Every structure is written in structure tokens, then in C-alpha cells.
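The values are calculated or read from the model by the stated rules, or taken from the named source; none is laboratory data. Predicted model only: the values in this text are computed from it and were never measured. Methodologically, a virtual Cβ is constructed for each residue, glycine included, from the backbone with ideal geometry; neighbour enumeration extends over all protein chains shown. For accessibility, only protein heavy atoms count, side chains too; no ligands or nucleic acids. Shrake-Rupley method; radii C 1.70, N 1.55, O 1.52, S 1.80 Å.
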Amino acid sequence: MNTPPRAGTSTTNWLVRRVPRTDAPLRLYCFPHSGGSPGEYLRWSERLPQTEVWGVQAPGRGSRIAEQPLTAMADLVQTLLAEVRFQEPFVFFGHSLGALVAYETAHALRLRARAQPQSIVVSACTPPDRPRDRAAVSGLDDRALLAVIEQRYGGLPPEVTADRELWQLVLPYYRADFALFENYRYRSRPPLDVPLHVVGGDQDIPEPLLSQWARQTTGPFTLQTLSGGHFYFRNEPQGTQLLRHLDGILHPPALT
């Protein structure tokens, strides 16, 4: 039986990091949002000095842009776990679609009797067992898909939308991520038993709906809302507030 490689080895393209901290007491693995890049989360390394921050980079993104994207959650998680072994102790952080991927990855680790995350932080994501009311967009033509990206995320950078070759290069992974979200089907299972921390913007998903994530764990549960919308942490002081909250989860003060 093949053993998945240890995180950080050169045998996997799934994981990227900006600042190596091999002696750090903890690792944070970040699962990006639809169409997102790990780079946005790797910048947190500078403000989480006691943590080695890793980004999960799926096929079709970043340096893997030439690879075929995966559009089914089961395929994504199975392939990830076949090629990666997360270095203990570790915490998962997922934003939006990335929260669902982190959640399903934790379930798959448990099913395989592999090490679980020390805790999971999910951000700006409807609980997995609740209905999703967004219309399917993955099958739209390129121009219509660009309009959806503009509406949901504020659009692609101007230098990308002005260059047809560039936006035709990045649209496939947005399309694949939208399909991943649209194809997702919740499967009822016993809840996880790890601490689950939920964060969201107060102008995005209603707090009563976010609170329903509590059903997904028998462990400790917390809910924190910050001022803002879906990408609340891109503004200040919310970005600093999130990282302070994250640091408290990653390195809780010792009890006296």
C-alpha cells in the first residue's frame, strides 16, 4: 500500500507555502474560495509567526493551470488524500467553497483512520446540509460567466479582462469551481468530533444560518461575525480581527 507523501515534500503539487517554518508547533492548511488562489491566504504567514501556513492548490490553478480541473467533490478529496499527508498537528481553514472542501476532507480523513485536524475554521459558507439557492452558472458562455464573476466577486483584475487570452486562461478554473459547488450533495454521517469555528461577514450569510454548522460536530463550537460581506477579511480592521481570532484558535492561551 502506498503511503501519501509528507506535507511539504517535492512529490506533491497540492501544497504551497510562502514562508517555511519547519520548527513551527502547528500548521494551518488553507482551502481557497471559488476561483481563488492560495496566495491570498499565504500572505497571512507574516502575521501568524508561530504557524507554518500552507495553501491547498487544486489541479487547474496557479502553477497547475495546465492540469484538468476536478468538478466532483469526491474526486477532489480522494485525489488530494492519495497524494498528501498533512503534517501534524494541523488546523484547516476554508473560505466559501473552500470551507466545504475542508469539511469533506476532514470526514474523509476520519473514514480512512488518518490524523484529524486539531480544529476546523469555516468562513462565509452555508452549512453543508442546508439548501443552496444560487442558480447554476458553470454552463454559461464565457461572457455571461464573466458577468457572474463581476456580480459575485467584483470581477477579474482589469489587466485580465482586457486581455482575451488571459481571461480565457483563468475562466476554466472558475467554471470548474462553480461546477464543484453545483454538483455538491450533502451526505448524512455522524458529526465530526473536532472543534469547529465559524466566521462570517454580517452582511453575507445570516448569523442564525451560520449557527447551524454546530450540528456538524460534537466538539466545541464557536461563531464569530465581523463587519462586511462575503470577503469581509479583505477590508480593515476586519482582516486584522480575523487573524487575531485565528491566532487565538491556533495557539490558545495556556490555562493557569
Zone reached by a paramagnetic label modelled 7 Å from R234 Cα along Cα→Cβ, restricted to the range 114-155 with backbone N below 17 Å, covers 123-125, 146-155
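Under the √(5λ) rule applied to the eigenvalues of the Cα gyration tensor, what semi-axes describe the equivalent ellipsoid of the range 116-192? Give them in Å, descending. Please report the intermediate quantities before stating the final value.
On the way: eigenvalues 180, 44, 25 Å².
Equivalent ellipsoid of the range 116-192: 30, 15, 11 Å, largest first.
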Using a 1.4 Å probe, what is the accessible area per residue for the range 114-239, in Å²?
51 Å²
From Cα pairs below 8 angstrom and at least 6 apart in sequence, can you work out the relative contact order of the range 48-113, rounded to a whole percent?
20 percent
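Ranked by accessible surface with a 1.4 Å probe, highest first, in what order do E46, E150 come? Provide the component values of the computation, followed by the final result.
Details: E46 130, E150 105 Å².
Largest to smallest exposure gives the sequence E46, E150.
Fully extended, how many nm does the chain gain between R244 and Q50 (0.36 nm per residue separation, minus their Cα-Cα distance)?
Values: separation 194, 0.36 × 194 = 69.84 nm, distance 1.25 nm.
Stretched out fully, the R244 to Q50 stretch lengthens by 68.6 nm.
Counting other Cβ atoms within 10 Å, keep those with at most 12, restrict to DSSP loop, and tell me which trypsin sites (Lys or Arg not before Pro) in the range 149-256 are left.
Details: sites: R152, R164, R175, R185, R187, R215, R234, R244; in loops: R185, R187.
Of the trypsin sites (Lys or Arg not before Pro), the ones in loops of the range 149-256 whose Cβ has at most 12 other Cβ atoms within 10 Å are R185, R187.
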Pseudo-spin-label distance E182 to S63, built 7 Å along Cα→Cβ, given in nm, is 3.2 nm
The chain: calculated mean residue ellipticity at 222 nm from DSSP helix runs of at least 4, using -39500 (n - 2.57):
-9500 deg cm²/dmol
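So for the range 1-111, what are the equivalent ellipsoid semi-axes in whole Å, largest first, each being the square root of 5 times an eigenvalue of the Cα gyration tensor? Spell out each step's value before the answer.
Working: eigenvalues 79, 53, 39 Å².
After scaling each eigenvalue by five and taking roots: 20, 16, 14 Å.
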Keeping all protein chains in the complex and leaving out DNA, RNA and ligands, what accessible area do you get for L111 with a 1.4 Å probe, in Å² to the nearest 10?
150 Å²
For R215 and D75, compute 0.36 nm times the residue count separating them, minus their Cα-Cα distance, and round to one decimal in nm.
47.9 nm
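Could you grab the relative contact order for the chain? Cα pairs under 8 Å, six or more apart, rounded to a whole percent.
The normalised contact order for the chain reaches 17 percent.
Quick one: compute a quarter of the convex hull surface over the Cα atoms of the range 25-64 and quote it in nm². Intermediate values should be presented prior to the final figure.
On the way: hull surface 11.3 nm².
It is 2.8 nm².
Taking square-rooted eigenvalues a ≥ b ≥ c of the alpha carbon gyration tensor, is the chain rounded, prolate or oblate, where a/c under 1.5 means rounded and, failing that, a/b exceeding b/c means prolate? Provide the component values of the computation, followed by the final result.
On the way: a/c = 1.36, a/b = 1.23, b/c = 1.11.
Taking the square roots of the gyration eigenvalues as a ≥ b ≥ c, the chain is rounded.
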May I ask you to give the percent of accessible area on the range 20-121 that is carbon plus sulfur, with a probe radius of 1.4 Å?
49 percent
Those GluC sites (Glu not before Pro) in the range 61-115 that DSSP places in a loop and that have at most 15 other beta carbons within 10 Å:
E67
